[in-house]
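The values are calculated or read from the model by the stated rules, or taken from the named source; none is laboratory data. Everything quoted here is computed from the prediction, not taken from an experiment. Positions of Cβ are backbone-derived with ideal geometry, glycine not excepted, and every protein chain shown enters the neighbour counts.
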Amino acid sequence: MTIVIIGVVVAVVLFITWRRRSLKARGPRIAAPRKAMPSLLVAEVDERPTMATLGAKLGASRGVFDRLRSISGSPSPEVLSVVEEILLRSDVGVALTTEILESLGDIASGQSVLEHVRSKLLANLDRERSVKTSAQADHVPVWLFVGVNGVGKTTTIGKLAQQQRQAGRSIILAAGDTFRAAAADQLAQWAERTGSDIVRASEGADPGSVVHDAIGRAFARKFDLVLADTAGRRANSTNLLDELAKVRRIADRSPGEVVETFLVLDATTGQNALSQAKEFLASAGVTGIVLTKLDGTARGGIVVAIERELGIPVKFIGVGEGVDDLVTFEPEAFVDSLLGA
């Protein structure tokens, strides 16, 4: 038995010695080169929509105005009919469409129909649209986000958190939508992705307490900005609107100060978005509109209709799925992208 054990030990030693010599003779192993990051991901990280690319991202809405670009000569009845169809299809709205058609009778000498329509659209987009990021001394600035489920509210918060982090601000996200399953989990993913902090609670918890705790943490740790999600079940639910008004009151108590309340709307719903918006304005004290999914609709004119009818400025527009595809709304760039002017 002893002889067998000795034999096994000798065999193992001889094998290890042979293996070491074999590996040494082959030389050091070189790791295979890593595959390049997919171009789609690179674009998502590094490429923000610009004046040059906005027209392509608004392709469906831009296509509606193709015939307008080809119109020449005076506004004949046939031309007026074409202009009317284009404006209504783009969801500019009946009131503004009528106003533009009537004003074409007094078109300036040498001005084309396209130039006249452009001037009228821009005249209805002349609101102040700066975004506040600071509060009074010893207060924490808060952005509240309201809107029905499915409009892209939580994703909007994540994308704006990314922008604010890139601007050098420290961010806390408040997962105040405690009624929708997995809403807090989705916001937590954005917090991790953007390097933001997050305050959340169990499903069904009081939304006001979540926002209150987030503001308290931000004040104690000197964070720059709180971005607070809210519930978004049904716009015509009295309980929901009462809850939003309560959350806003809590968020506006010292040391918090609500400096922006963004209503998030889905552009693909067109005029229905206006109906939703009117339900939220009084309860939430909306200061700005975020219009998502503009890249997926031909109803780009809804931007003008919203500002004209609600008197609230559109401050951001969503033109794609990428993290940088939520851009600051610039009226001239937007209108020129639609009209090809």
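Side notes on the structure shown:
- Output for region 139-163, where each listed residue is at pLDDT 95 or above and either outside the structural domain of residue 267 (by TED's automatic domain parsing) or farther than 19 Å from residue 325 by Cα (or both): 139, 140, 141, 142, 143, 144
- In this structure, residue 213 does not qualify as assigned by TED's automatic domain parsing to the domain that holds residue 309, among the charged types (D, E, K, R) and under 20 Å from the mean Cα position of the chain (by Cα).
- Residues of region 230-263 satisfying the condition of being within 22 Å of residue 203 (Cβ to Cβ) and modelled with pLDDT of 95 or more: 250, 251
- Candidates in region 89-118 are the residues that are polar (S, T, N, Q) and more than 24 Å from residue 297 (Cβ to Cβ); of these, the one that is farthest from the chain's Cα centre (by Cα) is 109.
- The set of residues in region 57-109 that are part of a loop (DSSP other than H, G, I, E, B), aliphatic (A, V, I, L, M) and under 15 Å from residue 119 (Cα atoms) comprises 92, 107, 108.
- Matching residues, region 123-154, being in contact (Cβ under 8 Å) with a residue 12 or more places away in the chain and in a helix (DSSP H, G or I): 153, 154
- Flag for residue 68 being closer than 19 Å to residue 301 by Cβ and either at pLDDT 80 or above or surrounded by fewer than 14 Cβ atoms within 10 Å (Cβ to Cβ) (or both): yes
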